[in-house]
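Written out below as structure tokens is the structure these notes cover.
The values are calculated or read from the model by the stated rules, or taken from the named source; none is laboratory data. Predicted, not measured: the structure shown is a model, and the values here were computed from it. Here the Cβ is made from the backbone with ideal geometry for all residues, glycine too, and neighbour counts use every protein chain on show. Please note that ligands, DNA and RNA were not included when accessible areas were found on the heavy atoms of the full protein model with its side chains. Shrake-Rupley method; radii C 1.70, N 1.55, O 1.52, S 1.80 Å.
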Amino acid sequence: MKMSDHTDHASESSPVDHRSAVAEETARFVAAVKDADLATEVPSCPGWTLADLVKHTGSVQRWFSVLLRARIQEPPRTREVDLRLPDREDGYPDWLAESASVAADAFAVTDPNLPMWAWGADQHARFWARRMLFETLVHRVDAEVALGLRPAIDRPVAVDGIDEFLVNLPYATFFAPHLANLRGADKTIRFRTTDGGDAWLVRLRPDGFGLDTADPTVGTADATVQGTAADLLLLVYGRLPYEAEALAHEGDEQLLAHWFANSAF
């Protein structure tokens, strides 16, 4: 079977415009926190407040924008970047909105198909816009949940986000070392949406793991998890447990427990 390689085909043909979606997700994030108490704790990010969440997300956007403008061809030696962070936390929402403008300016002068170094599968500038989108979206959801709001995630974006996570996960071991535990004797886990015909098949091998990209709907998997695209996105990011009522799972329970205990980053 063909395994995922260093070309991220999904990002080339994705129906999602990652650049404009970053702006849309940031606007949703800003709207949620604009009048909120930024000292509010964020249950899905233990130890963080909304202020921490906003600072992290805006910092990621500004950092990735620096990488895009530099058109980096090798791993960056420093993460130093002028954040222009306000002195007072009540300025953070406007600062986050401005961070998305900084990103938009970087997108505007960078061809998404430009070859660039990236830590993940897709060695092009578009990797960073796609990665920025899901950093922003997941933390927007974190903020809304912390504020007692019910997050909405657009289905095409959720599908793309599941794919982006699973495609890049094998490359994330340098900052998520527990991923090295994801090995197995040819064990498979299928993720399948119930609101569309989308499926992904992850195969655990003795030397690691990766996506089978031939036909993920064919054959029997050792374990399967099903849910809407939005709920599956929250699942892979650790925001929902696989035992949640919104999801259905079957097959090797031990395999699922092992996967979710080691697949977060």
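Observations, loosely collected:
- Summing charges over neighbours of E253, with a neighbour being any other residue whose Cβ is under 14 Å away from its Cβ, gives -3 when K and R count +1 and D and E count -1.
- Accessible area expressed per residue, the stretch 83-181, with surrounding protein chains retained (probe 1.4 Å, Å²): 39
- When both bridge partners sit in the stretch 169-257, DSSP labels roughly 75% of those beta bridges antiparallel.
- At full extension, A39 and A257 could sit 75.2 nm farther apart than now, given 0.36 nm per residue minus the alpha carbon distance.
- Label-point gap, in nm, between D195 and T78 - each point 7 angstrom along Cα→Cβ: 4.5
- Additional length obtainable on full extension of the chain from A104 to R69, 0.36 nm per residue less Cα span: 11.5 nm
- Build a GNM of the chain with springs between Cα atoms under 10 Å apart, and of T40, T224, T78 the one that fluctuates most is T78.
- Per residue, the convex hull spanned by the Cα atoms of the stretch 101-212 amounts to 152 cubic angstrom.
- Loop-located chymotrypsin sites (Phe, Trp or Tyr not before Pro) in the stretch 151-184 (DSSP state not H, G, I, E or B) with no more than 13 neighbouring Cβ atoms inside 10 Å: F174, F175.
- The distance linking the stretch 192-265 with the stretch 36-59 is 28 Å (Cα centroid to Cα centroid, whole angstrom).
- Restricting attention to the chain, close to 80% of DSSP beta bridges with both partner residues there are antiparallel.
- Tail weight of P(r) past 24 Å, computed on alpha-carbon pairs of the chain, percent: 49
- Potential extension, A214-A185 segment - 0.36 nm per residue separation minus Cα distance: 8.5 nm
- For the stretch 142-208, the calculated P(r), taken from all Cα-Cα distances in 10 Å bins from zero up to the bin holding the longest distance, is 17, 36, 33, 14, 1 percent.
- Sorted from longest to shortest, the spans of the Cα atoms of the stretch 1-156 along the three principal axes equal 46, 36, 26 Å.
- Top of P112, P216, P43 by mean-square fluctuation, Gaussian network on the chain, Cα under 10 Å: P43
- GNM flexibility winner over the chain from G120, G219, G196 (Cα, springs under 10 Å): G219
- Taking only protein heavy atoms and a 1.4 Å probe, the accessible area of the chain is 51% carbon and sulfur.
- Among the chymotrypsin sites (Phe, Trp or Tyr not before Pro) in the stretch 27-86, none is located in a DSSP loop while being surrounded by at most 14 other Cβ atoms within 10 Å of its own Cβ.
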